[in-house]
Amino acid sequence: MYDHAQRVSRTKQDNRPRMASRRRSRGRLPLLWGGLALLVCLLLSACSLYTVRPLNASSSSAGGSGPQTFDPTSYVNQIWDSRVVPTVVQQAHDASEVLAALKANQQTAQQRYGHQEGDGPYTFMVKGVGRVISVNTSSRNGTLDLDLPPYDGKADLSLQIGPVILGTAIRDGVGFIHFSQFVNQIQYAQVADALNARAVQVAQSIHPTQLKGKLIQFYGIFALTDPQFILVAPVKLQVEGSGS
């Protein structure tokens, strides 16, 4: 019995360090988990999981006045005389030449004279002198029907005069205005509208309703959506013989 009591006593003494160690280990676990949780919180607070960008934030390349505003009219006013008009005047092809090429082989004409922005229609910068054979103001998309040389009394194309100009031919046709320059589709569309508004000013400056039978020198852009109906958005116009 004495030996048995000694063995039991020694066993209890041997188990005391182990039990104390286990108690210390269990005591450390909450501290360890708490430390890990704190570390995760610190890491998350230092990292941004997403970025909030206002819809009306402007792109610096689009010439916005600040990070929270974009004024399409101001943007277009900055580039109209300095870039839009010079680009069309310098790169426009004779309208009769372009129309003849389209009739002969549309695909070849598109590659030679046209420009495509994204997956949109091909656009063409054209110039020429046309005789006004009719003035159409029954709709808000007013037009002048022009007869190009050799004059045969038939309309070869229509010049948009507003007050509404259809399409996005000017924006897409100049070749230096791209969707990637803007924050969103809204701004991109606003630029097209502002360019069209400037084109209306150009058209109205020559008093289009008084021009039937007169010759007009024009520079403009059209989008090829219907080869039988060429609708040109003007960027520069002059009445022949007006000296303006």
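The values are calculated or read from the model by the stated rules, or taken from the named source; none is laboratory data. Keep in mind the model is a prediction, meaning the values are calculated, not measured. As a convention, Cβ positions derive from the backbone with ideal geometry for all residues, glycine included, and neighbour counts pool all protein chains shown. Just so you know, the surface numbers come from the protein's heavy atoms only, side chains and all, with ligands and any DNA or RNA stripped out. Shrake-Rupley method; radii C 1.70, N 1.55, O 1.52, S 1.80 Å.
So which residues in the stretch 201-226 are in contact (Cβ under 8 Å) with a residue 12 or more places away in the chain and open to solvent by 70 Å² or more (accessible area, probe 1.4 Å), if there are any at all? Listed by number, the residues that qualify are Q204, S205, T209, K212, K214, T225. Here is the figure for the stretch 144-185: residues that are in contact (Cβ under 8 Å) with a residue 12 or more places away in the chain, within 25 Å of P72 (Cα to Cα) and not charged (D, E, K, R) total 23.
Counting only residues that are farther than 11 Å from P227 by Cα and either without any contact (Cβ under 8 Å) to a residue 24 or more places away in the chain or open to solvent by 80 Å² or more (accessible area, probe 1.4 Å) (or both), the stretch 102-115 holds 8 of them. The number of residues in the stretch 116-130 that are more than 17 Å from A169 (Cα to Cα) and crowded, with 18+ Cβ neighbours inside 10 Å comes to 2. For the stretch 185-244, the tally of residues that are over 19 Å from V135 (Cα atoms), of a type in the set (D, E) and outside any helix (DSSP H, G or I) stands at 1. Scanning the stretch 185-196 for residues that are surrounded by 17 or more Cβ atoms within 10 Å (Cβ to Cβ) and either more than 29 Å from A109 (Cα to Cα) or small (G, A, S) (or both) gives Q187, Q190, A192, A194.
Can you confirm whether the stretch 161-184 contains a residue that is open to solvent by 70 Å² or more (accessible area, probe 1.4 Å), part of a helix (DSSP H, G or I), among the small types (G, A, S) and over 23 Å from Q110 (Cα atoms)? Yes.
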